[in-house]
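I have placed the structure first, in the form of structure tokens, so that the comments after it can refer back to it.
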Amino acid sequence: DSRDPTSLRTPIVAVLGHVDHGKTSLLDKIRGSAVIEGEAGAITQHIGATAVPLDIVSSIAGDLVDPDDFDLPGLLFIDTPGHHSFTTLRSRGGALADIAILVVDVNDGFQPQTLEALDILRRSETPFIVAANKIDTVPGWDETEDSPINATYESQTDRVQGRLDEQLYEIIGNLSDEGFSADLYWRVQNFQRNVGVVPVSAMTGEGVPDLLAVMMGLSQRYMKEEMEIDVTGPGVGTVLEVKEEKGFGKTVDIVLYDGTIKADDKIVVGGQNDPIVTDVRALLQPRPLAEIRTESRFEKVDEVSAAAGIKVAAPELGDAMAGAPVRVVRDRDLEDVVREVEAE
Ligand code: GTP
Ligand code: MG
């Protein structure tokens, strides 16, 4: 596309949390709301990621945001698996992220992968908010589809409000035990110093407007300087997964966090031994609104720009490694690019 080269890069938002706490459901809800808004085509499915453009984010957030306050193109959400065996994938996702959402089931509270995610966020100094999910499961909950949290909270009985408050304060207490000063998001002034907790339901959409509004505010306020980078130069990314793909052989799923990658680019990928120098054979994107992790049919695209998730098919990828750097050569000196990949 022909974006202004000085335009802001799409912030990368990692969604982290314990298994079954609702990460994928939350992203499904955001995608589903866009479908209801009649904007299904505007949401692009990426490999392991979902791109939501600004106008969709603000239409879901409704009165909670004024789109004129923002000049970000939107948000790129990276889903991560909560299962304990996926530690490396989670830490890659977490380390790549500009900001993150930590999903915690209000019934289940803090669990091993919640703590692991907090460690990743602490080490990578990634600003994050907590989505206190499944508020609709509080006994007696009276749901209002897609409502901002304040309105739906006010319509609950005292007993239901009290029960939810207890669960939320438990989460705030757990965060404090881990050394994070946290509070309900509407009481947080500085989201870099304090962690905002947003009560949500991925099932009913309650609180999702608030979650998106807070994410927009957080990225716009604190990430701006880092986002003002060239989004048209040779691409730079990280391998999330190496996968065998029928008809394409070994492929790499990458998150591109800077620049562009084109279907005829030469690339250098970190390998188990030496960097792999190879030519892109195809850039593959899942078809719109198909389930990303199980999707087996792809659309070939000519070019993508950061931030994006994309599957790259190329010869010689057998030695590629999850977590390895990927760099596009284009008009740069090959030896320089190889040295950069070696040094990472
Ligand atoms: P992993 O990817 O396996 O780590 O799990 P996940 O965090 O992506 O959880 P997922 O979205 O798959 O949800 C797990 C289960 O919780 C599913 O049965 C969802 O339907 C259910 N669930 C998720 N969010 C909510 C919610 O807000 N309310 C209710 N009632 N159920 C929910
Ligand atoms: Mg999931």
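So here's what we get for this one:
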quantity	calculated
Estimated [θ] at 222 nm from DSSP helical runs (n ≥ 4, -39500 (n - 2.57)) normalised by residues in the chain, nearest 500	-8500 deg cm²/dmol
Enclosed volume per residue, in Å³, of the convex hull spanned by Cα atoms of the chain	130
Long-range lysine pairs (8 or more apart or interchain), the chain, Cα under 14 Å	8
Net charge of Cβ neighbours under 14 Å - reference Arg159; Lys, Arg +1; Asp, Glu -1	-3
Mean projected area (nm²) of the alpha-carbon convex hull when the stretch 170-261 is viewed from all directions	9.8
Compactness of the stretch 113-184, expressed as Rg and Dmax over alpha-carbon positions, Å	14.3, 41
Residues Thr144 and Asp119, FRET efficiency given R0 of 25 Å [Cβ-Cβ distance, rounded to 0.05]	0.10
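Laboratory data are not the source of any read-out in this text; all were calculated from the coordinates shown. Keep in mind the model is a prediction, meaning the values are calculated, not measured. Quick reminder, even Gly has a Cβ in these numbers, built from the backbone with ideal geometry, and neighbours come from all protein chains shown.
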